[in-house]
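The values are calculated or read from the model by the stated rules, or taken from the named source; none is laboratory data. This one's a predicted model, so the numbers in the text were calculated from it and none came from an experiment. Heads up, the Cβs are rebuilt from the backbone with ideal geometry, glycines too, and the neighbour counts pull from every protein chain shown. Protein only, heavy atoms only, side chains kept; ligands, DNA and RNA dropped before computing areas. Shrake-Rupley method; radii C 1.70, N 1.55, O 1.52, S 1.80 Å.
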Amino acid sequence: MTDKNALIAEDIRVVFGASDYRFVALDGINLKVASGEFAVLMGPSGCGKTTLLHVLSGILRPTSGCVWVDGTELTALGSAARTRLRRDRIALIFQKFNLLPTVSARGNVAIMKKLGASVGTSSPDELLETVGLGAKKDNLPSELSMGEEQRVAIARALYTDPAIILADEPTGSVDSANKTRILDVFEDCNREMGRTILVATHDENVASRAGRVIEMEDGKVV
Amino acid sequence: MLTPDMGSLVISNLYRRKVRSAIAIVAVAVGVAAPIVLAGMTYGSINEVLDRIRNVGADIIVSRTSNPALLGVRTGVLDESLAVKLGTVEVEYDGEIVRPAESVSPVLVWVAEFDGRLQNVYGITPDEFPAFGGPMADALVAGRLMDGPDELVIDDRLAASAGLGNGDTVELMNRKFTIAGVVRAGAGARLFMRLDALQGLTGQNGKVSAFYVKCKHPGYVSVTASAIENEFPGLNAIAMGALADEMAEGMAGLDEFVGAVTALALLVAGLVILLTTYTVVLERTREIGILKALGASRAFIARVILSETLVLCVLVAAVGVGLAFLANLAIEFRYPLLTVETTPGRVFGYAALGVAVGVLAGIVPVLYAATRDPAETLRYE
Ligand SMILES: Nc1ncnc2c1ncn2[C@@H]1O[C@H](COP(=O)(O)OP(=O)(O)OP(=O)(O)O)[C@@H](O)[C@H]1O
Ligand SMILES: [Mg+2]
């Protein structure tokens with residue numbers, strides 16, 4: 001573990017809605033994740049975990065507050081630069097998977113290279129095998145179970161060789177065998193490759209593998 | 001624009017949405033085909049009329065009306081004997097007094113029903129009739145010229161549309177006629193009878209509708225036409241070359257008409273494409289959000305969707321052109337008397353225009369979708 005911070009969030013506020021309906025999803029979040037750290041975000045449903053991961057990855061602009069990614073102030077960047085930073089440094093594993101519906105499992109992993117991301121040494125096929133989907137490479141997302149879709153999303157995230165992995169309930173839809181498999185992969189990424197990992201979860205099993213647990217409640221870190 | 005890698009994404013998007021793609025292709029193809037067929041029919045009919053006038057072979061038509069299309073309405077108003085006087089008209093040309101007329105052929109025009117349609121019937125003297133640009137016998141494609149009063153000659157298009165040939169018996173003006181021969185089309189009318197026979201049949205003995213005057217020299221035509229009008233008040237002498245040009249000029253407005261209808265058809269096609277791409281984008285807002293969330297640049301997203309639109313539009317143009325040709329074939333089969341004129345230039349032009357409209361229409365929703373925050377668009381499900 002180094003003293004450098006991979007992620008810094010400073011006084012993040014996210015308010016949803018307009019004049020008549022306002023909801024404060026994040027209420028002054030301060031957070032640091034060190035480079036090479038494996039941390040989990042825990043908290044009850046609706047406390048703002050997904051919202052925070054969206055802000056940290058730059059796909060949602062916070063109402064106020066700043067985010068630094070590897071020393072770059074993400075919240076000061078324009079949309080195009082933010083997109084590029086995300087592509088090059090951050091892999092985001094969505095709670096709702098977000099696979100492209102018209103392409104196969106393999107295509108969903110391979111798409112990252114087409115987007116211009118630098119990719120690691122493992123091929124999409126090898127990564128799908130790593131997550132236990134060797135036999136379903138040619139299936140469309142609609143031909144996969146939830147747990148299988150989730151594993152495709154994980155393979156996609158690992159393909160780009162990212163410095164930072166933000167995973168939103170990555171084990172939410174899988175059985176315990178696959179949960180172990182996924183957590184092994186994450187641990188590998190963290191220990192062997194020194195990647196920074198931040199996982200949002202309700203699951204104590206996941207939390208037990210992490211170096212640190214960050215507790216959230218009602219849009220705040222507690 | 002379309003890299004092979006991205007191409008597969010485009011193709012799979014189109015392929016996975018077969019029904020949407022098919023509907024869009026057919027709808028827009030109709031939009032491309034409509035102006036091609038419309039323009040083809042319009043220009044075809046007009047040019048056929050103009051060609052018929054240009055092909056008349058006579059230099060001047062002398063009649064009581066200034067519009068040769070109305071000849072059949074005011075029939076038998078001229079004395080056949082006028083031919084001799086017309087033949088001896090003298091004009092001054094290049095300082096010399098000349099007799100410009102090489103031949104003067106009387107024509108009686110009558111309108112009669114034939115094969116369920118009103119047709120002009122020309123009563124002519126086959127030996128002198130100059131409308132084929134040479135002897136009428138040279139224009140025969142089958143049979144021979146009419147010898148007796150019970151014989152007709154018809155043109156090949158009427159023969160084709162009515163399914164008739166030489167030797168067949170037909171009824172015209174409540175009389176039985178035998179078709180003696182078939183001539184090629186383009187001489188003003190599609191039915192020809194001997195002048196005396198038509199005069200007798202219609203009670204117009206010694207009367208004709210018009211005279212076709214052929215000049216010895218092209219330079220004589222305009223002076224001769226004015227001389228005839230001066231010498232015979234009440235007669236119109238129309239120089240055919242000038243008439244065709246004048247009519248062609250009068251058709252200039254028609255270009256605008258066809259242009260307007262074309263624009264309308266393309267506008268509808270464009271709206272269909274706009275609607276299609278808009279639905280695509282709505283349907284795919286999430287997908288665009290995913291791509292952007294994964295780090296796709298705006299340019300990449302725009303390229304994927306525009307390539308998709310472009311591929312769609314090119315398919316559409318191809319289907320549209322095919323449809324237009326089928327429609328043309330169908331029209332010519334069903335209505336052999338209609339000329340549909342489809343030039344490669346026009347087909348290509350409309351197809352290209354269709355593609356351009358499609359791509360332009362495709363840009364709008366792309367710009368809209370590509371500039372939104374991904375987290376916002378990811379919520380669409
Ligand atoms: N676009 C939005 N508009 C309004 N409210 C929103 C929007 N997105 C999220 N919220 C609200 O913000 C709160 C935090 O949502 P978030 O998805 O971050 O929760 P979470 O901690 O990830 O929950 P879970 O554990 O169920 O995934 C929720 O109460 C949710 O209703
Ligand atoms: Mg969540």
Notebook entry, point to check: What's the angle, to the nearest 10 degrees (0 to 90), between helix B:18-54's Cα axis and the longest principal axis of chain B?
Noted result: 20 degrees
Next item on the list: Report, to the nearest 10°, how far helix A:105-114 tilts away from the longest principal axis of the Cα atoms in chain A, using its own Cα long axis and a range of 0 to 90°.
Entry: 60 degrees
Item checked: Rel. contact order, % - alpha carbon contacts under 8 angstrom, at least six apart, chain B -> 28 percent
Item checked: For the stretch A:102-196, radius of gyration divided by Kirkwood radius, i.e. Rg to Rh on alpha-carbons -> 0.94
Next item on the list: Pull up the cross-link candidates among the lysines for B:Lys216, meaning alpha carbon to alpha carbon under 23 Å and not fewer than 8 places away within one chain.
Entry: B:Lys85
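For Cα pairs less than 8 Å apart in space and 6+ apart in sequence, what is the mean separation divided by the residue count of the stretch B:66-233, i.e. the relative contact order in percent? Please list the in-between numbers first.
Working: 329 pairs, mean separation 52.4, N = 168.
It comes to 31 percent, rounded to a whole number.
Within the protein assembly as shown, what whole-number % of the accessible surface is contributed by carbon and sulfur, with the 1.4 Å probe and all protein chains included in the calculation?
On the way: 14510 of 26510 Å².
Carbon and sulfur together cover 55 percent of it.
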Note to self: Given contacts defined as C-alpha pairs under 8 Å and at least six residues apart, what's the relative contact order of the stretch A:5-221, whole-number percent?
What the structure shows: 30 percent
Notebook entry, point to check: If you average 1/r over all unlike Cα pairs in the stretch A:5-221 and invert the result, what Kirkwood radius do you get in angstrom?
Noted result: 17.5 Å
Notebook entry, point to check: Based on the mean of other beta carbon atoms within 10 Å per residue, what is the order of A:49-58, A:185-194, most packed first?
Noted result: A:49-58, A:185-194
Note to self: Quick check on the protein assembly as shown: helices-only [θ] at 222 nm, where DSSP H runs of length 4 and up contribute -39,500 (n - 2.57) each and the sum goes over total residues. Nearest 500, please.
What the structure shows: -15500 deg cm²/dmol
Check: Taking chain B as a Gaussian network, Cα atoms linked when under 10 Å apart, which of B:Ser63, B:Ser81, B:Ser21 shows the biggest mean-square fluctuation?
Finding: B:Ser81
Item checked: Equivalent ellipsoid semi-axes, the protein assembly as shown, via Cα gyration tensor eigenvalues times 5, rooted, Å -> 87, 24, 18
Notebook entry, point to check: Roughly how much accessible area, to the nearest 100 Å², goes out of reach of solvent when A and B pair up, both sides summed, probe 1.4 Å?
Noted result: 2200 Å²
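Compute the semi-axes of the equivalent ellipsoid of the stretch B:66-233, taking the square root of 5 times each eigenvalue of the Cα gyration tensor, and list them largest first in whole Å.
For the stretch B:66-233, the ellipsoid semi-axes come out as 31, 17, 13 Å.
Find the lysine pairs in the stretch A:5-221 meeting two conditions, Cα atoms under 18 Å apart and a separation of 8 or more places or different chains, and report how many there are. Walk me through the numbers on the way to the answer.
Working: A:Lys32/A:Lys49; A:Lys32/A:Lys220; A:Lys49/A:Lys96; A:Lys49/A:Lys220; A:Lys96/A:Lys179; A:Lys113/A:Lys137; A:Lys114/A:Lys137.
Counting lysine pairs in the stretch A:5-221 gives 7.
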Next item on the list: Pop out a list of residues from the stretch A:87-101 that are at least 40 Å² less accessible with all the protein chains around than in their chain alone; 1.4 Å probe, no ligands or nucleic acids counted.
Entry: A:Asn98, A:Leu100
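Percent of Cα-Cα pairs more than 13 Å apart in the stretch B:117-177, please. Intermediate values should be presented prior to the final figure.
Numbers: 1215 of 1830 pairs.
Percentage above 13 Å: 66.
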